[in-house]
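Student: First the structure, then my questions, so here it is.
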Amino acid sequence: MLIKRRRDWEIPEAEATDEAVFLNRRHLLKSAAAGVAAAMGGAALSPQGAEAAAGPPEGDPSINLYPVARNDSFALDRPLTDEAVFARYTNYYEFGTSKSIWREARNLPVRPWTVVIDGLVEQERQIDIDDLLAQVELEERLYRLRCVEAWSMAVPWTGFPMRALVELARPLASARYVRMETFNDPEVAPGQRAGWYPWPYIEALTIEEATNELAFLGTGAYGQPLAQQNGSPLRLVVPWKYGFKSIKGIVRFTFTEEMPTTFWWDVQGAEYGFWANVNPEIDHPRWSQAEEQFIRTESDVGFLARPERRPTLLYNGYGDFVAHMYAGLEERYGDRLFR
Ligand code: MTE
């Protein structure tokens, strides 16, 4: 999430940015500097642990539900990323700022796991994850994943349409947004002991987005339940938006009338906002979004890696599914639709 290019960090930003945001960012940059090197360079994936990294959490009772049939409506334009790479090159700030946190994340207990549905709904409720899984139909979908840091992967997710969750929740007519929250357990998740982040991780969608055909709640990948580092037991998958929208480890869905503040918007509002739709023409303030580095195999990660560069696609190539939702919003939000 943090830095890919260092040369833009300097003074002009301070001039252009609200001081509080700037100071906050300085703090983040400082604390993340080590992690950044690791993130795009130093974290060449060590061969040890490749097998331990992939695969479901120990004793995950949902394993019997896998594999499931693929929904072929979502074709890919590239090969899948190797499972072992997907499992070991991850962003999960709750466990640290580097990409190599899978071992720490593996300590997260994912049973029992309760999901709260509250806010503007007919009836607030709590539901056990396995009861939820029994009420939905799982399918496999192949989606591109585009991180705001300009790397990408292609992943075979298992999960269910988010629309099914919204229908289950029965929101009131006044509900316009759905806010999602990650678990908060600093004892298990060392990153959550870092007081400068506004834990827990929060993300949100409009109800229209949440009920779009593409919006998916991921429970598995590569034909088995998700590993903790990839968001077990429940994560969002919204492939037309930058990856930070796809919140992991969800424990709460809250239906609201007001647009909720989200984690990265709160941390660095000048750079990240509510919408975060992928757009090659709207650069991140500190790097270009015109291209992405496609991570497919282990050799695509590390200092000497030269991953394939591909042009970034508007809405990550999913415009036919989603562009209509933003047609009326350009005047009001402008570039903010894309960060
Ligand atoms: N969810 C939580 N709770 N915490 C995070 O740090 N990182 C996000 C997103 N979901 C993140 C999160 C970012 S920046 C990306 S790119 C994707 O997860 C990465 O998903 P993956 O690691 O499974 O590929």
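The values are calculated or read from the model by the stated rules, or taken from the named source; none is laboratory data. What you see is a predicted model; the values in this text were computed from it and never measured. Note that we place each Cβ from the backbone using ideal geometry, even for glycine, and neighbour counts take in every protein chain shown. Note: areas computed on protein heavy atoms with side chains; ligands, DNA, RNA excluded. Shrake-Rupley method; radii C 1.70, N 1.55, O 1.52, S 1.80 Å.
Student: Go through (1) more than 16 Å from the ligand (Cβ to nearest atom); (2) of a type in the set (A, V, I, L, M, F, W, C); (3) assigned to a loop (DSSP other than H, G, I, E, B); (4) open to solvent by less than 40 Å² (accessible area, probe 1.4 Å) one by one and return the number of the condition residue 110 breaks.
Tutor: Just one mismatch for residue 110, condition (1).
Student: Can you tell me which of 227, 210 is under 30 Å from residue 61 (Cα atoms), buried (at least 19 other Cβ atoms within 10 Å of the Cβ) and more than 15 Å from the ligand (Cβ to nearest atom)? Show your work before the answer.
Tutor: On the way: 227 fails: more than 15 Å from the ligand (Cβ to nearest atom).
It is 210.
Student: Hey, among the residues in segment 252-311 that are within 17 Å of the chain's Cα centre (by Cα), more than 21 Å from residue 155 (Cα to Cα) and among the acidic types (Asp, Glu), which one's surrounded by the fewest Cβ atoms within 10 Å (Cβ to Cβ)?
Tutor: Per the criteria, the residue is 266.
Student: Ok, one more. Any chance segment 88-102 includes a residue that's modelled with pLDDT of 50 or more, in a loop (DSSP other than H, G, I, E, B), touching a strand residue (DSSP E or B) at 6+ places or on another chain (Cβ under 7 Å) and crowded, with 16+ Cβ neighbours inside 10 Å?
Tutor: There is no residue in segment 88-102 that is modelled with pLDDT of 50 or more, in a loop (DSSP other than H, G, I, E, B), touching a strand residue (DSSP E or B) at 6+ places or on another chain (Cβ under 7 Å) and crowded, with 16+ Cβ neighbours inside 10 Å.
Student: Okay, moving on. If we only count strands (runs of 3 or more DSSP E) wholly inside segment 138-237, which ones have 1 or more residues that are over 24 Å from residue 126 (Cα atoms)? Spell out how you get there, then give the answer.
Tutor: Values: elements: 139-146, 151-161, 177-182, 202-206, 216-221, 235-237.
Once the strands (runs of 3 or more DSSP E) in segment 138-237 are filtered for at least 1 residues that are over 24 Å from residue 126 (Cα atoms), what remains is 139-146, 151-161, 216-221.
Student: Would you say residue 163 is open to solvent by 40 Å² or more (accessible area, probe 1.4 Å), within 19 Å of the chain's Cα centre (by Cα) and either modelled with pLDDT under 95 or more than 16 Å from residue 260 (Cβ to Cβ) (or both)?
Tutor: Yes, satisfied.
Student: Right, another one. Hey, does segment 170-188 have a residue that's open to solvent by 10 Å² or more (accessible area, probe 1.4 Å), within 15 Å of the ligand (Cβ to nearest atom) and in contact with a Gly (Cβ under 6 Å, 6 or more places away or on another chain)?
Tutor: Yes: segment 170-188 contains one or more residues that are open to solvent by 10 Å² or more (accessible area, probe 1.4 Å), within 15 Å of the ligand (Cβ to nearest atom) and in contact with a Gly (Cβ under 6 Å, 6 or more places away or on another chain).
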